[in-house]
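Working notes, beginning with the structure itself.
We did not get these values from a lab; they are worked out from the coordinates using the rules stated. As the structure is a prediction and not an experimental result, all values here were calculated from the model. As a convention, Cβ positions derive from the backbone with ideal geometry for all residues, glycine included, and neighbour counts pool all protein chains shown.
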């Protein structure tokens, strides 16, 4: 629920040098402010945090078929609207649960072009975030338009360092399925580059150095609220620290669909978000991705009751494991672990068959386990051969398939191989989700775009890959060697900070092979695997465990993986640095889980301060290959050591 009331904000409207108008809107606590001004007819903004410039003067505007709204504009001062918004919502699928409250100040700026209404720019500023969007209205008899480009830029210090993942070329990679948000993040790379030539996928993290370490700034730029009414955007350029919004590439989706936006009027763009802090705490803990949105349709059932842990055979056994007997064995394994679901991956339609899938579903339900089924997204946009195909891209066949799933008690679907951010693809995601909700089916996406607030928009949405995920651990020893650096110590600061992430990890096999004796070798420790079960957030987690782990993995590890939650009520940043190490605390009910991993070349030894726990309380410590009880000091600290490629878990 959101309540709106007009208040006297920390809002200044004045004349500055050159006669240009200025608007300043501040956060409720006054630490963040947005400065808006017109520069020779072009709108500009900047972001100030604790008296320091976080975003230098940056451009705003749209180019549309109704007009070029980047120049020859003027601000309609007398029609400017200010207000304070507060609201609460409960969303069990995100990083915070229970009743979550938010508060921000807002200003809506109407702009004119040649004395006629052009568009509005809306800013919302909370204590950790800045968000803005554009609003377009009808113009005479024009009730629709095309947005051909967006002029929004984000200019950071030329001394800033970047932690970003390059956008792939279209129609590349496996079976011409890119872009699918599956490239490695940069680690402290200077600004001024443009990825592989195509910019970077959201979210994008910047580190702005300062001689005073306490005044350093971390800035996360992303977007939220993208649905079938817009395109998925990226961040382009970087010359002099200036990055701009980029629309999809023409070659995406085999050339199908336009890269521009068709918009019915009145209409609005997605929100561009900027999260800022002196440490990564605000970035780890931000909820701006969901605070700005409202759900599109009511849930057809209580999906949260089916959230929880699950497993899948494919990560260890690949395509050959997708057979009736092996999936039945995994159902038994899931039941023994107390898990809610099993994901049956590609080729189930030909290697098991529909009748026997229905039989497996009945068997699983008898043991309290539900099934997720893999589907190829299909269509004409790539060459991915895996089946089942042709079921979801056709609306009639899709609903027929979903009715069959409902009749056979299927919990959800994992849809793969999308490869593109055009509006036509965003509409396709939305169509899948809306139809699935009609039949009570939950949705996980792979080979896909970033979820932009979808947990709030679509109640049956669960999670997305949109990251270089665990399958690469099976395929590449090199990826295994760098797992701690590229995944564990990186993703909590970036991809997973803005949306549920379906990584599919926490393996306890020594090797990514059924025999557990050959293949890619896991370099990380068993406790690292436990730690990432906490660090990586998704309401449904399909872990990379195998039935043999019941006898060949440490007993404490199996017990932990039986108990670890997938729904969290609170998250706190404890310590860390992207690509080096991370320590987070997550709370489920009254129980805290503190998890950390170390990707540095030397052990991480330090006193660990845990102010969320009671002084001198007893906690369970998983460290250096063992589980033991320890007592916090009066100052709520314990001495810890996390080995290279290792992990740490503390449970209250």
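Just a few scattered comments:
- Cα-projected label distance for residue 329 with residue 144, points at 7 Å along beta-carbon direction, nm: 5.5 nm
- Working ranking of peptides 333-343, 554-564 by packing, defined as the average number of other Cβ atoms within 10 Å per residue, highest first, is 333-343, 554-564.
- In the chain, helices alone account for a calculated mean residue ellipticity at 222 nm of -4500 deg cm²/dmol, with every DSSP H run of four or more residues adding -39,500 (n - 2.57).
- Inter-label distance, nm, simple model (7 Å from Cα along the C-beta direction), residue 216/residue 404: 5.5 nm
- In segment 94-167, the alpha-carbon atoms span a convex hull of 226 Å³ per residue.
- Tensor-based shape of segment 126-218 (alpha-carbon gyration tensor, a/c under 1.5 rounded, otherwise prolate or oblate): oblate
- Segment 500-652 shape via C-alpha gyration tensor axes, a/c threshold 1.5: prolate
- Crossing angle, helix 354-366 versus the chain [Cα axis fit, 0-90 degrees, rounded to tens]: 80 degrees
- Relative contact order computed over segment 2-291 (Cα-Cα under 8 Å; 6+ residues apart), in percent: 16 percent
- Each part reduced to its alpha carbon centroid, segment 495-558 and segment 342-412 end up 25 Å apart.
- Förster-model FRET efficiency, 41 Å R0, residue 365 and residue 624, C-beta, rounded to 0.05: 0.50
- Three-way shape label, segment 385-465, alpha-carbon gyration tensor, a/c 1.5: oblate
- With both labels modelled 7 Å from their Cα along Cα-to-Cβ, the residue 612 to residue 319 distance reads 4.3 nm.
- With contacts taken as Cα pairs under 8 Å at a separation of at least 6 residues, the chain carries a relative contact order of 11 percent.
- Cβ crowding within 10 Å averaged over residues, with 419-426, 289-296, 37-44, 369-376 ranked highest first: 419-426, 369-376, 289-296, 37-44
- Here the Kirkwood formula puts the hydrodynamic radius of segment 2-291 at 19.9 Å, using every distinct Cα pair.
- Chain lengthening between residue 295 and residue 22 when straightened (0.36 nm per residue, less Cα-Cα): 94.8 nm
- Once the Cβ-Cβ distance of residue 81 and residue 40 is raised to the sixth power relative to R0 = 30 Å, the FRET efficiency obtained is 0.75.
- A straight line joining the Cα centroids of segment 51-118 and segment 224-239 runs 16 Å.
- Segment residue 74-residue 431, length gained on full extension (0.36 nm per residue, minus Cα span): 124.6 nm
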